[in-house]
Each structure stands twice: as structure tokens, then as C-alpha cells.
């Protein structure tokens, strides 16, 4: 019945003591044996008062050996034992002597009840708790069992009333040798009671017993059984104890009143503790259904309850020496409950691992979809050390939680100083203020927990994550603050009519210290933090020191919760100032009414500061529209109605999940011929521009309503909002919202940096001069009309016009700007057709940290972007500006290099993941890329990138390696130079506005492929000869297959590296050909002409364009 047996067969164990009548009988015998062992331990305590511990244990071993040796005859029966095994048996016997000497000392020091609670705990339970503490992978029940075990030990140490330091210990026990005197003098030096010293000894003994049990089991297997080994160990232990026992008996002045009673009790104790218990466990091991579970769980619980009842009967409350007799206490009762829970929980089997899948839905083809059962059902706890370490890392990784944490540490430190100084000086005022501050620290802990939990990722049960926890925490803390402020207000009114006497001898010191702590809090939060105001006299009276801040959430910028935190810090600081003022006025002028008056003012300040927090958090929990988003959301809905193909919308909902996280849902009704995905993408863009981070868009057509009403006639069509039905709110959100009206009935107004024209145009707009600068501005595949800072983004719409070379739908983007309106009226000119946006930029970059902190300097970060310039600004702006969590507060960062030219985002994201995790990528893990000691982080990342560029599939792509910052340029490793077809370029990627000359009008014509002779249906499928003569035009796929066939490459390749023109045999590199020509597809003959040039967009080759 060892701990290893339990841990090895733990999974799937379901022990039922009464599974059979035979098993129930033997289990009952085990329970009775444990009850008798418990009685025997109480008898040991009685015998130890008449005889020295060492002599008593020696007699125990002699009597047990006299009983066991004749029965088992270990030296005669069984297989012969080698001499080396005798040496190991002697080592085990010596080990047993040490454990049982400590055990007997523990019985005499802390009493039989406490020794049963500690030493009789199963080794399986202790080992399971140690494993749950040091390793992860166990179930949550193991963590709860560990907590119960720790609570039991703490209760026994700090809640047990058996706390006298026994100075005259020779009066109760036969203790007269030097070892006992040394032990008692040691615990007297530390001021520790004798029972606490015994608790430490017993804890040490049970830890040693775990190793002893393991050695005992292995030795029992080698010599032929545990009974033979047990009898031999008892005999050897008696031999080892003989010298010490004889010395202790000679030096002791122990007095035995009745030898008959002593010998009788000794024999009964030996039988109960040594003989019957051992045989009961042996029989139980052979006949009970699960002997390991029976011994690990039910044996300790049985002995705990029996010892508790015996102690209640043994130590009667009428005895004068209750404390000295190790009687019952509240701490012991708590320990019994906690240890029983721990024994049950830590021996509970782990949840069996699920072997089946979990149904998650149906596929498009009607087949059921399953996910791994373990992913859904198997949940394991984590190591407490790892949990605390990772939690601390999460706290320090975020600026808000980090500020709360440091301020909490400052508060706790000052709280500890107050407690220490209060106990030393017996000052009730300091102790009271320390408890007051400790209450504030608990509120700070709640805010810190909210700050950390709000960043936890979404789970199956909490699909939105835990962001709302910070809002809920703010609301609860606001309610606490209101209650506190009302109590202070009522108390201040009462004392204002009858001012009490105030003792100000230590009040000034506490108030000044509290002011310093609050000033540190104001500095730490910079608009959001926690403070504490202190005040108190020797009689526990506080003077304005009731400013609490009970929330510290992870918010950024103007978040209401963090602003409320800062207001509380300010109120607490003012409270400390009031305490100083009232103290001075009471000392100098004797104005007792100043103290309640200052408290009255402070309570009003608390109420005034907490009201915005309470209002904002309550409104957020009720899922109202955020005030700062309401105006933009209205205009976003109006802009959606102007999207081409949208007829109306319904069921518009928007709410704030947490700070800087807005969520919306919307049903959009569109025309029958409209592409749903196009509409959904455009509506999501509009929502994102309005400040909505997550949006759910349902696109509906009239055929859907007809079908659903045919199936369900009672279905009610929701109320829809059509174009012109939306009435904008007339509420003024900011003081700088100005309005200007034109003579044509239209109006335009600006809103803090953006403007728009809602209805109509002014005369100046109609006759605005026409210029290519007013037509288009291209920014990495996003067309944006030029606008001043006081203009609003124009309404735009998308429509699908074909597919790009990578079979990605090509979208058109129409812009309703003042210029396009000018083209409509009053001149009868056609509105230009939407310009085509085909080219997209996909890049994977590498950042280097230039942080002044040594810990972060020169660190590298790999990421993916479609706009490098915007992305580096986000990283340097922090997570609140859209940067990554791993780069937050670790900069400034420099974007050193970027690899671009990927055909789509999926290809770029795969490249990014492999660059980040070379040891996990199946393309790179066989290379075993490791950073050398002298290699810089960026040099290591550059080496990985070169290996990737030489590995499939990336060595087939027309990629470009671009150095963005020349000062960071390093030489490529000689062993892995980039392939020759991959360009190495220098310089930043810039946003450009461009037009294509009319000399390129040849691309307006529809050509035939010179290879397959079929018509090239779309310009996006065409490539031309690289020569200046342009002797032929080809399908992209035809030219690729021709080049691969000529180069004798494998047939499974789709992208060639190089080739020759089928007509003129001019050589080309595929990457150069695609880069030079794929972006000249956007010329449209129907577009208006200005100065003999046609409008075009895209990343056109620089030698072919003219800068605007």
C-alpha cells in the first residue's frame, strides 16, 4: 500500500468498499484495525509520561520482535539471503529507527491527536500533493486537494490554542537527557510552542517515510515478502536502539507507579500499533477490491475522525491544564476537515481521457464534423509554481496591470509597516488603519485579477473572452465605494454634532506616510490608478482617511474605469491632506469639529468621483451604445445604405464588450443580383471605420423572405430602414462640431477632424477644377479620395469584376467624392467606371528592438503585414494602437527587412509562421537550426530566412528580400545565399499616386494566346513577351507550363523560376516578368482622360509611371 502503487494505477480507479460481501468484511476489519491503532497512539502518550521516549520505543521494538520472530522465523524460512542484502536490511532498519524516534517525540510534544493528523496521513496523499505543486498535467481536483492540505497545516500552526512553551518539561515527561534539553532550548529561542516544534518534526518524518516506503517495497520483493522483512526490520531496530535506550534509562529519573498497569498498557499499545495494524493491512492488500485506495483514502479519514472523538473524550474541559494537555481547539477541527477533504480529493481518479470525438456540426456536403474529444473534454490543472510564474509575467507584460501591481506592493508594504509598528507600540489606531488599508489592498487585488482575466483568450464557454470581467469588477467596486462613502457621511454628521476627543500623537506620521503612498499612486497611474488615505489615532478614529479605490482595470486612454480609479486616488490624496490639516488645527487651535467636517467633505468627494464610474459600468453591463460611438454608428448606417446593391438594413445592434472593443450585428437586405460576400466585406469595412472591432453581418435577399414566408406564414419580416429614412441625431457630441450650409440646400459639417457632405453640393463643388490629383490616391490596394483633415471619408462601394491571376476575386471601388459629383452635374459627362484594385501587397518583416532596457534590446519580432509603414507605427504605439502584445512597451522598434511578393495572404502567413518557429516547421526542423552563443538574434533570424528562401516551396516564388534600414544590413551567410531569382533590394515601400501613359493603350485590346491560340478573356490572365517588341501575348498558365517543360523540371511544379519567350526565345526570370507586368492590367478604356493620360492604380513599375 505505497504511494507509488496509487500513482501508477490512479487513472480509471473507482473503489467501492462494499462491491462484494467478502470485500466488505475485510474492509471492515481494516477500519477496526485503524481504530485500534488510534487508541494505541493515545496509550503511547500515556506511557511516555512514565518512561523516556527512547527507552519506550526500544521496549516497543523488543516486544514486537518477540511476537513476530517466532511467527515468521525470517532467518530460517524462505530463500537464503545474501550478505549484501543484510547490509541493505540494516540500512532500512536504521531508517526506520530515525522515523519512529521522530514520531514518538512528536507524540509527546504535540499530543496524540495532532500526531495522528500529521503522521498517519497517507504517503500517497502527500506525494500526490507534492506532484500537483511541482508539475503540471494533473486535474483541477488535485490542485484543490493541495490547497486543502496546506490550509490544514496552516490551521494547525496558527489557529491551534495548544501554544504554550513548556519550560518545565521534566515535570510531565521523563525528559532528562541532553537531546531533549537541546530541542527545548532551540524552540524556546524562537518562542515556538512545544506542539509547533512537534508539528515540524512530524512533517519531516512523513516526508522521510515516503522514501522509506519505496525502499521497503523493493527490498520486500527481493527477500520474499513484506512480513519477513517487517519482522527482520523490527529486530534490527531493537538492536540499533539498545545503546541509546540503556543510556536514557540510566540517566532518567522516571518513576513507574504500577508496573502491572504499565506492562499491560505497553502490551496493548504494541498489539494495536505494531501487530494488528500490520496484519490488517497485509490481509486487506490480498482480499479487498482496491487495497491501495482503501489504505490511501479511507484509512487516514477513519483515524482522523476516531482521533477527534477520542481527544474530545480523553481531554475533558474540566481539567485545569487543558492547554498543556493538548486538548481540542478550533484549529484542530479545521485541520481534521481539511485533511479529510485532501485525502478524498487527492485520491480521486483523474477524468478518463476521451477517446471519441465531439460533434460540432455538419459540413456543406452533409457529413458530420467532429473534433478531438480530448480537446473538448480533457481538462488538466497546472503546476501552481508555473501558474504563479505565468500570472506574474502576464501582470508585468501590460502597463495597466503592472502599475496596479506595483502600487499594490507599495500598499502592502506600508500596511505591513503599520501592523508592525502598531503591535510594537500597542497603538490601536495604527492597527485599525492597517486593517483599513488591507481592505483597500483586497480591492486592488480584485482590480488586478480583473486586469489579468480581461486579457484571457476566448474559450468554448466564454466565446467573447473575459473582457467583461473588468467592467463587472468596476461596477462591484463602485457599489462598495458608495456604501463606504455613505457610512463615512453618516458617521461624520453624527460626530459633527458631538465631536469626540481625538488623540493626535501618531496621527501626523500616519497621514504624511499615507499622502506619500497616494502621491506614488497618482504618479503610477497617470490618469488611472489607486490610492489610499490614512488617518487614525490611538483609539482607532480615522480622520478623513476613508478614500478607497477598489478597482484597477486594464484600460487605455479615456476609459471610464481607469479615470474613476484616478479620481479615487485624487480623493484619497485630498483625504490625507485633510487629515494633516485637521491634525494641525486640533493641535494648535483645539477645533474638534474640523475632523468630522473634513470627513464629510471627503465622503462627498468619493460619491462625486464614483458616480461616473458607476454610471458608465452599469450602462456597459446593460449593453448600451457607447456615447462616443453613437454618432459615428449612425453615419456608418447611412453610409451602408449608399453601398451599391444595398436596399435597406434591419436589426442594427451595437454594444461595447470592454474598453476599446465594440461589437455590432446587422441584417442587410440587398438586390437579387448582388454578390453577398462583396456586400458583407464592404459593410464590415464601414463598421471598422466607425470604430466597431467585431461585426456580424447577415446578408438577406427578397427570395429568402419569400421562401421563409412560404414555409412559415406567421413569420414577421423585421422593420427595415431604407435610404432617406435615417434621421441623424441632432445631439452635439463635442463643442467643436460646426455646421456650414450651402445655397443649394446641402450642408456639410465637421466633427473633430473629419467632414462629409450628406445631401447636395455647393456651387463651389459643382464647378471645382478637374485635375488628376483629384481622381485617385492608391495605398497598397486601397483607393482613397484626397481629402483635407476636415473632410469625412467619402462613401464607397465594391463590385466584383473578375478574378486576379491567383483566382482571387478582383473588386472595383467606386468613390462618391465632390469631384465625381462634379463630373455628373451640371456638365453632362459620364461618371467614370470604378477603377480596378488588383494588386495586393503581402510581406513578412523582421523588427529589432532599440529599447534602452538591456533585457529587451536587440530582440527580434517576426510579423506579417499588408502595409509596412502603418504596421511599424502600430508596434511603436503599443497594443492600444494595434501593435502586438509581444512588442508592447519593449520598443522603440525598427523594421529592418521585409520579404514580399507572395501570391496571397495564406502563403505569406505560412512563411511568417515558419520563420517564427523553425523547430516546428516540417520544412526546416530537419535542419536543426540553433542559435550559436556569439550570434546576435537578428543574425540568427537572417540565417533562418536564407534557409527558407532556399527551401521549397518558397524557392519557387518570385519573392523580393528588401533591406528597409541599411544601417542594420548584414552579410548573407555564405553557405545559404539567397537564390539568384530572388531579388535583393533596398529602400522603403512608399504609397504612390500614379497614372499610366496612353502609350499603353495596347492593353485595352483583347489578345489571343500565342501558345494555345485561345482568346485571353481577361487582362488579369495575360503576360506579354519581355522584349521591347512584345512579339506575343500568353496566358499566365500557358507560359508557366511552357517554361517548366523547357527546363525539364518536375511536372508537379506550377511556378517556373526562369524561361524563354516561345516566339523570340528571349530569356526571362519569372519573378521579373510578373513584377514588371502583372500590375499593368488596370487600364480601362471607359475611364475619363485628362491630359491624354488614362487613370490607373496599382504598384506600377516606376519606369512606366509619372509621379503626380
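General observations
- From the options 975, 935, residue that is without any contact (Cβ under 8 Å) to a residue 12 or more places away in the chain and part of a helix (DSSP H, G or I): 975
- Test result for residue 628, within 25 Å of residue 469 (Cβ to Cβ), surrounded by fewer than 23 Cβ atoms within 10 Å (Cβ to Cβ) and not assigned by TED's automatic domain parsing to the domain that holds residue 585: yes
- Residue satisfying condition, being touching a strand residue (DSSP E or B) at 6+ places or on another chain (Cβ under 6 Å) and at pLDDT 85 or above, within set 1023, 964, 970: 964
- Of all the residues in segment 238-278, those that are under 30 Å from residue 26 (Cα atoms) and in contact (Cβ under 8 Å) with a residue 40 or more places away in the chain number 14.
- In segment 67-84, the residues that are loosely packed, with under 14 Cβ neighbours inside 10 Å and either in a helix (DSSP H, G or I) or not assigned by TED's automatic domain parsing to the domain that holds residue 272 (or both): 70, 71, 83, 84
- Residues of segment 851-867 that are within 22 Å of residue 906 (Cα to Cα) and modelled with pLDDT of 90 or more: 861, 862, 863, 864, 865.
- Some residue of segment 623-642 being free of Cβ contacts under 8 Å to residues at least 12 places away in the same chain and assigned to a loop (DSSP other than H, G, I, E, B): no
- When segment 889-931 is filtered for residues that are closer than 16 Å to residue 958 by Cα, at pLDDT 90 or above and not in a helix (DSSP H, G or I), the ones remaining, listed by number, are 898, 899.
Every residue, every condition in (1) on the phi < 0 side of the Ramachandran plot; (2) outside any helix (DSSP H, G or I); (3) at pLDDT 85 or above, yes or no:
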| site | (1), (2), (3) |
| --- | --- |
| 13 | yes, yes, no |
| 18 | yes, yes, no |
| 26 | yes, no, no |
| 29 | yes, no, no |
| 36 | yes, no, yes |
| 42 | yes, no, yes |
| 46 | yes, no, yes |
| 57 | yes, no, yes |
| 60 | yes, no, yes |
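- Test: residue in segment 430-444 that is assigned to a helix (DSSP H, G or I), at pLDDT below 80 and under 30 Å from residue 886 (Cβ atoms): yes
- Scanning segment 863-883 for residues that are surrounded by 15 or more Cβ atoms within 10 Å (Cβ to Cβ) and within 22 Å of the chain's Cα centre (by Cα) yields a total of 6.
- Given (1) surrounded by 12 or more Cβ atoms within 10 Å (Cβ to Cβ); (2) assigned by TED's automatic domain parsing to the domain that holds residue 49; (3) at pLDDT below 60, number of the condition residue 378 does not satisfy: (2)
The values are calculated or read from the model by the stated rules, or taken from the named source; none is laboratory data. Treat the numbers as computed from the prediction; the structure is a model and nothing was measured. Neighbour counts are summed over all protein chains in view; Cβ atoms, including those assigned to glycine, are modelled from backbone coordinates with ideal geometry.
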